[in-house]
Amino acid sequence: MLVRNFIFWLSTKRGVTDTIARRGMKHGFARRFVAGETLGEALTASRELCDAGRNVSLNHLGENVSTEAAAREVCASYIEMIEAMDAQKLGGNISIKLTQLGLDISKGLCGELAGQIARRARTLGRTIEMDMEGSAYTDVTLDIFEAVQRESGNSGLAIQAYLHRTEKDLQRLAALKPKIRLVKGAYREPKKIAVQGKAAVDANYKRMTTLLLEGAAQGMFLPAIASHDPFMVAHAQAEVARLKLRREQYEFQMIYGIRRDLQQEVHAAGHTLQVYVPFGTDWCPYFMRRLSERPANCWFVLRSLWAEGGAASERAA
Ligand SMILES: Cc1cc2nc3c(=O)[nH]c(=O)nc-3n(C[C@H](O)[C@H](O)[C@H](O)COP(=O)(O)OP(=O)(O)OC[C@H]3O[C@@H](n4cnc5c(N)ncnc54)[C@H](O)[C@@H]3O)c2cc1C
């Protein structure tokens with residue numbers, strides 16, 4: 001936890017993030033978790049994954065925007081992404097973040113833009129997924145998701161197992177027969193809002209997995225089990241077998257570059273696996289979050305910077 005907090009602290013230090021941002025792509029270490037800075041690079045990485053039998057969900061990195069013009073620009077870039085995926089016949093969809101679509105400016109604007117993206121995706125016979133952000137946004141995200149799903153019927157939503165409210169939210173959403181991406185939850189939430197500690201979060205995750213997969217057996221949900229935790233994956237696989245679900249009734253999801261061994265196992269066992277593929281120039285905060293989830297990841301960054309330092313002193317000599 002200390003190391004994790006230290007990495008979070010580092011991520012707020014401009015000098016550190018600037019150094020990482022300057023060197024990360026050039027020296028390759030950021031490419032472990034980020035598919036590149038341009039859509040073209042993300043499509044190339046996606047092609048490789050799709051050729052290996054995975055689906056992908058493209059995510060254009062970036063967070064809150066503060067002007068309507070910026071939100072509209074992001075909306076246009078999401079539409080460009082889904083059109084490019086379709087043109088290249090890549091299996092999968094795009095993942096959108098509502099704060100990138102102006103959620104802090106106006107719920108109406110954000111709903112309108114999310115609706116536009118879903119409609120364009122639907123005309124191409126494609127789906128979209130909405131990420132879930134911090135708990136300040138949960139209510140409004142659910143409202144916008146419901147409106148978009150009612151209108152277009154092609155949207156999925158991430159739901160966080162650590163929130164106390166999650167089971168009720170799933171009951172509320174069941175009528176819409178949505179795709180639900182079940183995640184543990186990536187934000188720091190207080191006790192009042194979320195269960196604390198790995199054991200409690202894992203217990204909730206398993207309970208929600210069972211609830212969603214049982215829902216899938218009744219045609220209520222399309223669950224996406226989004227975790228790199230082998231125990232969560234094993235629990236879901238056992239439930240899929242118990243409920244005799246068909247392959248198209250559920251899927252697994254993992255993030256680009258994380259637990260590639262487990263990704264291979266899940267794929268080899270015959271399950272659908274969708275890989276979340278982030279790209280964009282604003283990759284540093286995302287990259288730092290991945291480091292903080294597993295401090296061992298810092299070693300390969302340090303090794304890379306060390307190698308660069310060695311090369312630089314050799315050049316100087
Ligand atoms: C496809 C996908 C989409 C997501 N979307 C959202 C979202 O919309 N909203 C949200 O709040 N959260 C989202 N998350 C993040 C999620 O909430 C967790 O923070 C994250 O997945 C880590 O939890 P875990 O289930 O992998 O289990 P953990 O208990 O955190 O990790 C289990 C094991 O996975 C491996 N692992 C985990 N992280 C890393 C890493 N960075 N590097 C290397 N190994 C690692 C380690 O072996 C670790 O022991 C998403 C996750 C996935 C997979």
Tell me, in nm to one decimal, what length is gained between Ala136 and Ala175 on full extension, where the rule is 0.36 nm per residue of separation less the Cα-Cα distance? 11.6 nm
Signed unit charges on C-beta, dipole axis of the chain, positive-most listed residue Ala30, Ala199, Leu90: Ala199
Out of every Cα pair in region 30-96, what percent are spaced more than 13 Å from each other? 64 percent
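If you stretched the chain out fully between Asp86 and His164, how much longer would it get, using 0.36 nm times the residue separation minus the C-alpha to C-alpha distance? Provide the component values of the computation, followed by the final result.
Numbers: separation 78, 0.36 × 78 = 28.08 nm, distance 3.79 nm.
That works out to 24.3 nm of additional length.
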Links that overshoot a 26 Å alpha carbon limit, given the list Lys177/Lys206; Lys97/Lys168; Lys107/Lys206; Lys89/Lys206: Lys107/Lys206; Lys89/Lys206
Given Cβ point charges of +1 (Lys, Arg) and -1 (Asp, Glu) and nothing else, what value in debye, to the nearest 20, does the dipole of the chain about its Cα centre take? 700 debye
Using alpha-carbon pairs under 8 Å, 6+ residues apart, how would you state the relative contact order of the chain in percent? 23 percent
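Tell me the net charge near Met220. Cut-off is 9 Å between Cβ atoms, Met220 excluded, with +1 for each Lys or Arg and -1 for each Asp or Glu.
Here the count lands on 0.
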Could you line up Leu243, Leu49 from fewest to most neighbouring Cβ atoms inside 10 Å? Leu243, Leu49
Between Arg150 and Ala186, with labels modelled 7 Å along Cα→Cβ, what's the label distance in nm to one decimal, could you check? 2.9 nm
Please go through region 181-263 and write out the trypsin sites (Lys or Arg not before Pro) that DSSP classes as loop and that have at most 13 other C-beta atoms within 10 Å. Arg188, Lys191, Lys192, Lys244, Arg246
In region 45-90, what trypsin sites (Lys or Arg not before Pro) fall in a loop by DSSP, with at most 13 other Cβ atoms inside 10 Å? Lys89
Could you calculate the contour length gain from Phe231 to Ser77, that is, 0.36 nm times the residue separation minus the distance between their Cα atoms, to one decimal place in nm? 51.8 nm
Förster radius 22 Å - calculated FRET efficiency between Ala296 and Ala52 (Cβ-Cβ, nearest 0.05): 0.30
For Gln264, net neighbour charge (Lys/Arg +1, Asp/Glu -1) across residues whose Cβ lies under 15 Å away: -1
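For Ile94, Ile258, which order do you get if you count the other beta carbons within 10 Å of each Cβ and list the fewest first?
Ascending Cβ contact count within 10 Å gives the list Ile258, Ile94.
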What shape does region 111-209 have by the C-alpha gyration tensor, where a ≥ b ≥ c are the square roots of the eigenvalues, rounded means a/c under 1.5, and otherwise prolate means a/b greater than b/c and oblate the rest? prolate
Could you compute Rg(Cα) / (2.2 N^0.38 Å) for the chain, with N its residue count? 1.00
For Gly156, enumerate residues with amide H under 5 Å from its amide H, sequence gap 5+ or separate chain, H modeled in the peptide plane. Ile128, Glu129, Met130
Helical mean residue ellipticity (222 nm; -39500 (n - 2.57) per DSSP H run of 4+; nearest 500) of the chain: -16500 deg cm²/dmol
Between helix 68-87 and the chain, what is the angle of the helix's C-alpha long axis to the longest principal axis, kept within 0 to 90° and rounded to the nearest 10? 80 degrees
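We did not get these values from a lab; they are worked out from the coordinates using the rules stated. A quick note: this is a predicted structure, and the numbers were derived from the prediction, not measured. Using ideal geometry, Cβ is built from the backbone for each residue, glycine included, and neighbour counts are taken over all protein chains shown.
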